[in-house]
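One structure is given below, encoded as structure tokens.
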Amino acid sequence: MDEPIRQALQAGEAAGARYALVPPRQAVMGPAGEQLASRVGSSIEFMEHREYRPGDDIRRIDWSAYARTDRLIVRQYRDEVSPHVDLLIDGSRSMALAGSPKAEAAMGVAAALATASSNSGLTCAVWVAGVTLQPIARGREHPGGWPVPAFDGREPLGAVLAASPVPLRRQGVRALVSDLLFAGSPLATLRRLSEGAAQLVVVQVLAEGDLQPPRHGNVRLVDAETGMQRELFIDEPARQRYRQRLEAHEAEWALACRQVGAVMVRLVAERVVAGWPLTELVREQVLRVV
Amino acid sequence: MPLLTLPLALMALTALPALAAIYWLRNRYRRQVVSSLLLYMDQREAREGGVRVQKVQTPLLLLIELAVLALLALAAAGPYLPRSNEAHVMVVVLDDAYAMQAVDRAGRSVREKAVAAIQAQLEGQRFAARFIVAGQQPQVLGEPAQRWDEAEQLLERWTCTAPRASLRSAIGVAREVGGAEATIVVVTHRAPEHPLEAESNLWWWAFGSSQPNVAFTAAVRTAASDGSDRLMLEVAHLADAPASTVLTVEGQTQRLELAAGRTRRLWFDLPPGTGPVRASLPDDALTVDNQVVLLPARAREVGVALQLNDQTMRDVWERALAASGLARLDGGPADLVVTDGAVRPEAGPRPAQWVVQVDGGGEAAAFTGPFVIDRSHRLTSGLSLAGVVWGAGRGVTLPGVPLITAGDETLMSHRVRGDGSHLLRMRWQPAVSTLQQTPAFPALVWNLLAWRASHLPGAVEPNVRLGATAEVALPSTVRSAIVVTPSGDRQELMASEQVVRWQPTGPGVWQLGAADQWHAVAVNVLDGETSDLRPAEAGRWGEAVGAQTLERQYRSMAWALLLVVLALLTCHGYLTWRSGGGQT
């Protein structure tokens, strides 16, 4: 299993080299650096005018505007910061679904996002939410050198995040790569993730087997994470109901994303690993072509 | 006993394993690992699709369906039960031929297997069984038996020692005894000669097995007047392949090479004064025909006294008597007196003398026929008077029962006198007759002597074949005798015309005692047809129940089975409906 994931990391890194992370609309905070933040700062780049308030630096009064309007107006300039991306990878067992390239796709997408973040001048920290939330070793290095996560988590992501303190940087960009197939309130999970974040991106990676219900007949379903089993007779109505439930589940996550201001993108693992197209990320303005 | 009218319908039971296989295949699960059961969990059990397989209920549904299928197959097979609670009337015809003693390779005799089959048939049902032993004459054994122990007691009298079995007449007796409703079971060792009629209530059970057999089929011992004694034995090889065997005669063995299906005759000259001779063959499938015992043949000479005044007639009689070989004319005690004078009263210590009184008087007349002969009399056996001129005196009447007449003229008559002796009268004038010149007169004389000899005290034939009648002549003063069987059983028999006759029921030496004298008769099994075991076979015929019998004696149970099927289907429908969430 390790070798395909390593190859996926390399492929994802290669794919991400063509993209850069789109800065979020909100101000991305971070130590002073080379990026112009969206908040007011002391850089020389004009940002906007506003009315003079006592205490403002009188050197910023726009005398030309005063001559025209007889109103004291000050100029504001953009601040300079160093933004950051926290990349969270769902390390549960379902992400390494047997017979599917979900693990490869997830790691490849994470590598692409990390590479694109670097292309945008953002630092990147990679976390794996497996049994607990742990930083990936050598996560700040290029993705090709990342170690392969174990994908041994049995608890829902929301529970892992709730149980572990989330040492994510404030006002940074946070990206979650997960299949989102776990019980729990999407809104609660996203709120925890989005709290203090400039932007939250949710990348859902699903396998074809997640999208399509089992084929007709008696089937003993085994939960990849918990090991629970359920015996069902699958016929067309059953398949229909599965699709409806999946659709409803995704709608629930989409709503929660909208409620917290997150961007949600769904990727199909088999299509991702086929050629590493990241067009959905570009369409949702998570990435831009450089 | 319940029966199935269409047992082939039970082939539908082969569908039971198919149904079970369908259930097994249908309920097999394929295992699939999914990311999460989240999307498969539902608070509401759907009736359509995604139905959780009710593992606990499936075996019950399968059992119900298997039961329905089995009951439908059984109903299609046409089950019938006996209509009433009355005992089933059966009449069992038992083949009494000695071939029923034949044993198979396992050592079981035909009779043993037959008794076991009868027991199996009778036990477990109510019955009233009568038994008829089919020997040479059918014989009903006792009263009807309604329990097996009673039947077993009756069957002990079934000894299988008859030379032949009169099955046809026994079946007729069985029908009379049992009535129209009775089932007649013929128990034998061979298949029926003709197909059994339908609706005849006749079952035919055979328990024989085709086997080779070597048997004595003839044994004769003769004694001549000069004292010589000769023995003839006939050995039959009743098989399809040649074989050799060893014949033992009074301890002397002799190897015999026997061709398939052929017989061999052997003659032995015995020294004078030889007593009973025993011959035997090695044991095989049927042992009763492998030994014979032959008693010395009896020299049957009749002492004759000629008291004839007419010399011509005397000469004629002397020649005929001498030629017969049965007469003793040595002047000793006479058993037969031929006289032309008056009948002399009986005297002397010897049994009553028989008298032939020849009346040669009267005006001579030649009678040329037509002659009327009483053919039922031993004296006239084989007698032909065609072309004979019988000269006799006119107007002479003969008292007694006419034996030979010419028109209304009695030429010979017979009367039994008060002392039991026989008086024959004949009108005859040899001078005007050709009788003495024809074979008729020597034949008449031989018949007379043989008849008289048969009434001399002692066994008429010392060696008889099983199935024949044994006869022992007794003195005229004796009216009964005691018969002792080879096994020592005793029975008193009455004499008729000074002869005790009985039919021996088994081989061996039988003894008859009367007036402090004992006479022996050897009975031997000598029947090639019965000893031939090649046609023997096992099987059952005629047990199929016809439509009329079915209607009369049985009632169909298919309806009851179909009711049970209906109940099971209702239960099945309810369980299926309930597993679907109670929705239609």
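The values are calculated or read from the model by the stated rules, or taken from the named source; none is laboratory data. Predicted model only: the values in this text are computed from it and were never measured. In this analysis, Cβ positions are derived from the backbone assuming ideal geometry, glycine residues included, and neighbour counts consider all displayed protein chains.
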Checking B:GLU143 against (1) outside any strand (DSSP E or B); (2) surrounded by fewer than 20 Cβ atoms within 10 Å (Cβ to Cβ): exactly one of these is not met. Which one? (1)
Going by the conditions given, is B:VAL472 in contact with a Lys or Arg (Cβ under 9 Å, 6 or more places away or on another chain), outside any loop (DSSP other than H, G, I, E, B) and closer than 28 Å to B:ALA327 by Cα? yes
What pairs come out if I take residues in segment B:10-32 that are within 11 Å of chain A (Cβ to nearest Cβ) and pair them with residues that are among the hydroxyl-bearing types (Ser, Thr, Tyr) whose C-beta lies under 8 Å away, six or more apart or interchain? B:ASN27/B:THR58
How about segment B:521-543: which of its residues are out of contact with any Asp or Glu (no Cβ under 6 Å at 6 or more places or on another chain) and buried (at least 19 other Cβ atoms within 10 Å of the Cβ)? B:VAL521, B:ALA522, B:VAL523, B:ASN524, B:LEU526, B:ASP527, B:THR530, B:ASP532, B:LEU533, B:ALA536, B:GLY542
With the structure loaded, tell me whether B:THR274 is modelled with pLDDT under 90 and either among the hydroxyl-bearing types (Ser, Thr, Tyr) or within 30 Å of B:VAL110 (Cβ to Cβ) (or both) or whether it fails that test. yes
Subset of segment A:102-143 (residues that are out of contact with any strand residue (DSSP E or B) (no Cβ under 8 Å at 6 or more places or on another chain) and outside any helix (DSSP H, G or I)): A:THR132, A:ALA137, A:ARG138, A:GLU141, A:HIS142
Kindly list the number of the only condition in (1) of a type in the set (A, V, I, L, M, F, W, C); (2) farther than 22 Å from A:MET107 by Cα; (3) within 14 Å of chain B (Cβ to nearest Cβ); (4) part of a helix (DSSP H, G or I) that fails for A:ALA188. (3)
Within segment A:253-262, is even one residue in contact with an Asp or Glu (Cβ under 7 Å, 6 or more places away or on another chain) and either surrounded by 16 or more Cβ atoms within 10 Å (Cβ to Cβ) or aromatic (Phe, Trp, Tyr) (or both)? no
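Here are B:THR248, B:THR253: which of them is of a type in the set (Ser, Thr, Tyr) and surrounded by 13 or more Cβ atoms within 10 Å (Cβ to Cβ)?
B:THR248
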Subset of segment A:137-149, residues closer than 29 Å to A:ALA183 by Cα and loosely packed, with under 14 Cβ neighbours inside 10 Å, comes to A:ALA137
Number of the condition not met by A:LEU87 [criteria: (1) touching a Lys or Arg at 6+ places or on another chain (Cβ under 9 Å); (2) assigned to a loop (DSSP other than H, G, I, E, B)]: (2)
Which of the residues spanning segment B:251-275 are under 17 Å from B:ASP229 (Cα atoms), part of a loop (DSSP other than H, G, I, E, B) and under 32 Å from the mean Cα position of the chain (by Cα)? B:GLY275
Output the number of residues of segment A:208-238 satisfying the condition of being assigned to a loop (DSSP other than H, G, I, E, B), surrounded by 14 or more Cβ atoms within 10 Å (Cβ to Cβ) and facing chain B (nearest Cβ under 7 Å). 4
Of the conditions (1) in contact (Cβ under 8 Å) with a residue 12 or more places away in the chain; (2) in a loop (DSSP other than H, G, I, E, B); (3) under 42 Å from the mean Cα position of the chain (by Cα), the single one that B:GLY369 does not satisfy is (3)
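Condition check ((1) out of contact with any helix residue (DSSP H, G or I) (no Cβ under 9 Å at 6 or more places or on another chain); (2) part of a strand (DSSP E or B)) across all residues:
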| residue | (1), (2) |
| --- | --- |
| B:LEU444 | no, no |
| B:VAL464 | yes, yes |
| B:HIS519 | yes, yes |
| B:ARG534 | yes, no |
Hey, A:TRP127 hits all of (1) at the interface with another protein chain (Cβ under 9 Å from one of its Cβ atoms); (2) crowded, with 19+ Cβ neighbours inside 10 Å; (3) among the aromatic types (Phe, Trp, Tyr); (4) free of Cβ contacts under 8 Å to residues at least 60 places away in the same chain but one; which does it fall short on? (1)
Enumeration of residues in segment A:246-269 that are assigned to a helix (DSSP H, G or I) and within 14 Å of chain B (Cβ to nearest Cβ): A:LEU246, A:GLU247, A:ALA248, A:HIS249, A:GLU250, A:ALA251, A:GLU252, A:TRP253, A:ALA269
For residues in segment A:191-207 being of a type in the set (Gly, Ala, Ser) and more than 14 Å from chain B (Cβ to nearest Cβ), which is nearest to A:ARG93 (Cα to Cα)? A:SER194
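Which residue out of B:LEU6, B:LEU61, B:LEU19, B:LEU72 is farther than 17 Å from A:ASP235 by Cα, at pLDDT 80 or above, among the aliphatic types (A, V, I, L, M) and over 60 Å from the mean Cα position of the chain (by Cα)?
On the way: B:LEU6 fails: over 60 Å from the mean Cα position of the chain (by Cα); B:LEU19 fails: over 60 Å from the mean Cα position of the chain (by Cα); B:LEU72 fails: over 60 Å from the mean Cα position of the chain (by Cα).
Going through B:LEU6, B:LEU61, B:LEU19, B:LEU72 in turn, just one is farther than 17 Å from A:ASP235 by Cα, at pLDDT 80 or above, among the aliphatic types (A, V, I, L, M) and over 60 Å from the mean Cα position of the chain (by Cα): B:LEU61.
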For the condition away from chain B (no Cβ under 14 Å) and over 25 Å from A:TYR19 (Cα atoms), what is the one hit in A:LEU122, A:LEU133? A:LEU133
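Residue-by-condition table, conditions (1) part of a loop (DSSP other than H, G, I, E, B); (2) in contact with a helix residue (DSSP H, G or I) (Cβ under 6 Å, 6 or more places away or on another chain); (3) aliphatic (A, V, I, L, M):
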residue	(1), (2), (3)
B:SER487	yes, no, no
B:GLU492	no, no, no
B:VAL500	no, no, yes
B:THR505	yes, no, no
